[in-house]
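Student: Please find one structure pasted underneath; my questions will follow.
Just so you know, all these numbers are worked out from the coordinates, no wet-lab data involved. No experiment lies behind these values; they were computed from the predicted model shown. We place every Cβ from the backbone using ideal geometry, glycine too, and count neighbours over all the protein chains shown.
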Amino acid sequence: MIVTLQLIFGYLFWKKPAKNKMSNTERTFIAIKPDGVQRGLVGKIIQRFEEKGFKLVAMKMIQASQAHLEEHYADLSKKPFFPGLVKYMGSGPVVAMVWEGLGVVKTGRVMLGETDPAKSLPGTIRGDYCIHVGRNICHGSDAVDSANKEIKLWFKDAELSDYKSCESDWLYE
Ligand code: IDP
Ligand code: MG
């Protein structure tokens with residue numbers, strides 16, 4: 001009897017984990033595109049994420065294959081600019097990174113600015129450092145699900161570092 005009551009109360013008052021609960025360990029995939037690398041903007045872009053307080057979890061320089069880039073941009077495969085986009089992204093090395101922190105996917109996109117640099121506000125990466133939509137120097141995942149997919153596509157599990165940042169107690173209450 002007591003067990004049954006416990007089960008009923010347990011079920012009624014059990015707090016389901018919120019599906020979209022924000023987490024300090026949310027991760028996003030950020031890449032500095034070939035033009036960002038060629039134009040010497042790697043340090044500046046990394047600095048913005050570091051100074052914000054996000055934690056660098058993985059980073060590598062890689063010249064991606066056509067097949068890899070076609071998979072990365074699969075959602076855009078019907079767009080007229082798709083072949084040019086894949087060619088541009090494969091035209092040189094990119095710096096691929098994983099950054100971690102509360103709301104990092106959404107905030108990362110805000111820090112990047114709009115897809116079209118002409119519509120990006122000053123103070124954003126694209127607003128400050130580039131001009132044309134086809135040469136917008138950086139990539140950032142647009143949602144938590146796509147971030148997780150992109151991280152899997154670009155990094156092996158063993159390449160993701162698991163460490164506690166010494167800043168974390170001063171960044172989060
Ligand atoms: P995002 O990078 O801001 O998420 P998406 O719409 O996902 O923007 O497009 C992916 C990339 O495709 C852009 O970052 C840009 O490099 C390129 N792109 C998007 N629209 C155009 C266009 O109209 N012309 C040329 N390239 C484009
Ligand atoms: Mg996108």
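Student: If you scan region 91-120, which residues turn out to be touching a residue at least 40 places away in the same chain (Cβ under 8 Å) and surrounded by fewer than 18 Cβ atoms within 10 Å (Cβ to Cβ)?
Tutor: Answer for region 91-120, where residues must be touching a residue at least 40 places away in the same chain (Cβ under 8 Å) and surrounded by fewer than 18 Cβ atoms within 10 Å (Cβ to Cβ): Ser91, Gly92, Pro93, Leu102, Gly103.
Student: Give the residues of region 73-126 that are of a type in the set (S, T, N, Q) and under 30 Å from Cys166 (Cα atoms), sorted by residue number.
Tutor: Thr107, Thr124, listed by residue number.
Student: Sort out which residues of region 131-145 are within 13 Å of ligand 2 (Cβ to nearest atom) and either in contact with a Cys (Cβ under 7 Å, 6 or more places away or on another chain) or farther than 14 Å from Ala31 by Cα (or both), and write them in order of number.
Tutor: Hits for region 131-145 are Val133, Asn136, Ala143, Asp145.
Student: Here are some conditions: (1) over 24 Å from Tyr172 (Cβ atoms); (2) within 14 Å of ligand 2 (Cβ to nearest atom). Glu70 meets all but one. Which one does it not meet?
Tutor: Glu70 satisfies all of (1) over 24 Å from Tyr172 (Cβ atoms); (2) within 14 Å of ligand 2 (Cβ to nearest atom) except (2).
Student: Write out, first by first residue and then by second, each pair whose Cβ atoms fall under 7 Å of each other, whose residues are 6+ apart or on separate chains, and whose first residue, in region 135-148, is touching a residue at least 24 places away in the same chain (Cβ under 8 Å) and within 13 Å of Gly103 (Cβ to Cβ) while the second is surrounded by fewer than 23 Cβ atoms within 10 Å (Cβ to Cβ) and of a type in the set (Gly, Ala, Ser).
Tutor: Ser141/Ala147
Student: Take the residues of region 96-130 that are hydroxyl-bearing (Ser, Thr, Tyr) and either over 25 Å from Leu171 (Cα atoms) or out of contact with any strand residue (DSSP E or B) (no Cβ under 9 Å at 6 or more places or on another chain) (or both): which is nearest to ligand 2 (Cβ to nearest atom)?
Tutor: Among those residues, the one meeting the criterion is Thr115.
Student: Okay, moving on. If only one of Asp157, Asp128 is out of contact with any Lys or Arg (no Cβ under 7 Å at 6 or more places or on another chain), over 18 Å from Arg27 (Cα atoms) and of a type outside the set (Lys, Arg), which one is it?
Tutor: Asp128
Student: With the requirement that a residue be under 16 Å from Cys138 (Cα atoms) and within 15 Å of ligand 1 (Cβ to nearest atom), what does region 42-79 give you?
Tutor: Within region 42-79, Ile45, Ala64, Leu69, His72, Tyr73 meet the criteria.
Student: Now, a different point. Might you let me know whether region 40-51 holds any residue that is outside any helix (DSSP H, G or I), over 14 Å from the mean Cα position of the chain (by Cα), touching a residue at least 40 places away in the same chain (Cβ under 8 Å) and within 20 Å of His132 (Cα to Cα)?
Tutor: Yes, that holds for at least one residue.
Student: Looking only at residues that are in contact with a Ser or Thr (Cβ under 7 Å, 6 or more places away or on another chain) and within 11 Å of ligand 1 (Cβ to nearest atom) in region 128-149, which one is farthest from Phe49 (Cα to Cα)?
Tutor: That would be Val133.
Student: Name the one entry in Gly84, Gly101, Gly90, Gly108 that is small (Gly, Ala, Ser) and away from ligand 1 (no atom under 14 Å from the Cβ).
Tutor: Gly101
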